[in-house]
C-alpha cells in the first residue's frame with residue numbers, strides 16, 4: 001500500500017489478522033520493510049502489525065531535502081495518524097532504533113512499549129566523519145561498493161554460510177537502495193544524539209544487542225538501557241541484525257516482553 005506522508009509517497013504493509021494492539025517495526029539503514037517478514041508473520045495473529053519503508057528506501061520516495069531523526073519520527077506519527085492508530089508498540093533496529101527513540105521522546109503518549117535492537121543513543125563527535133565518508137562514498141561510487149563490507153558487518157560468517165536464502169534478499173535490498181536516500185540517511189545518523197534525554201523515557205523498554213556486532217558494540221545498546229529507568233538489556237549470539245540472525249530467540253523475547261512489559 002502507498003500513502004502520501006509529509007509530501008512523500010510512502011510504502012507500508014499492514015497485517016491485522018488478529019485485530020489486536022498495534023505493533024510497528026522500523027527497519028535499518030539500507031533496508032526495507034521486507035527484513036521483518038518473518039517476525040511480522042509471527043505476530044500478526046495477535047497484533048495489528050505495521051511495517052513501512054523509510055524515506056529513500058524500498059519503495060518510498062526520496063526526500064527532496066535533508067532530514068533528521070525528528071523528521072523521520074514525524075513521518076511515523078503522520079503514518080499512524082493516516083491509519084487511525086492512536087498508540088503502538090514500537091520495535092526499531094539499527095537506524096530504526098534511533099527513530100524509535102526519537103519517536104518515544106517526541107510522542108511519549110503514543111508509545112505502549114519500546115524495543116530497541118542493535119542501536120545507540122547518539123553519534124559521538126569522533127564518529128561523525130565516518131558517516132560523512134560513507135555518504136560521500138555512495139554518492140561517488142554507488143551502493144555496490146559497500147555491499148561486501150556491510151553484509152560482513154550485519155551477519156556473522158556462520159549465518160551467511162548456513163542461511164543464504166535469508167542473506168540474499170537482504171543483500172539485494174541493500175544493493176538496490178537509492179544512493180542518495182542512503183547518503184541522506186547517513187547524514188541523519190551523523191547528527192543524531194538523544195543521550196541526554198533518554199532518562200525522560202518512561203515507557204517499558206527492551207534493548208537487544210548482538211555479541212558479534214562490530215558496527216554497534218553491545219555496550220552502546222546497553223548504555224540506552226542504563227539510561228532508561230527499568231529498561232531491560234538482552235545479548236544475543238549474533239552480529240548487527242540480531243533480530244534476523246536470531247529470529248526465534250528475538251521473537252520469544254519480544255513476545256514475553258509485550259505480554260509482561262518490565
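The values are calculated or read from the model by the stated rules, or taken from the named source; none is laboratory data. Every value quoted in this text rests on a predicted model; they were computed, and no experiment measured them. Virtual Cβ from ideal backbone geometry, glycine too; neighbours counted across all protein chains shown.
Assorted remarks:
- Filter pass, residue 195 being within 25 Å of residue 88 (Cα to Cα) and modelled with pLDDT under 95: no
- Any chance residue 116 is out of contact with any helix residue (DSSP H, G or I) (no Cβ under 8 Å at 6 or more places or on another chain), surrounded by 13 or more Cβ atoms within 10 Å (Cβ to Cβ) and either at pLDDT 95 or above or under 19 Å from residue 58 (Cβ atoms) (or both): no
- Unique match (being loosely packed, with under 15 Cβ neighbours inside 10 Å, over 24 Å from residue 222 (Cα atoms) and touching a helix residue (DSSP H, G or I) at 6+ places or on another chain (Cβ under 8 Å)) among 63, 149, 137, 145: 145
- Within the stretch 248-261, the set of residues being surrounded by 11 or more Cβ atoms within 10 Å (Cβ to Cβ), free of Cβ contacts under 8 Å to residues at least 60 places away in the same chain and closer than 12 Å to residue 232 by Cβ comprises 253, 256.
- Test: residue in the stretch 14-22 that is modelled with pLDDT of 95 or more and in contact with a helix residue (DSSP H, G or I) (Cβ under 6 Å, 6 or more places away or on another chain): no
- Residue 219 vs. criteria free of Cβ contacts under 8 Å to residues at least 40 places away in the same chain, outside any loop (DSSP other than H, G, I, E, B) and under 15 Å from residue 121 (Cα atoms): yes
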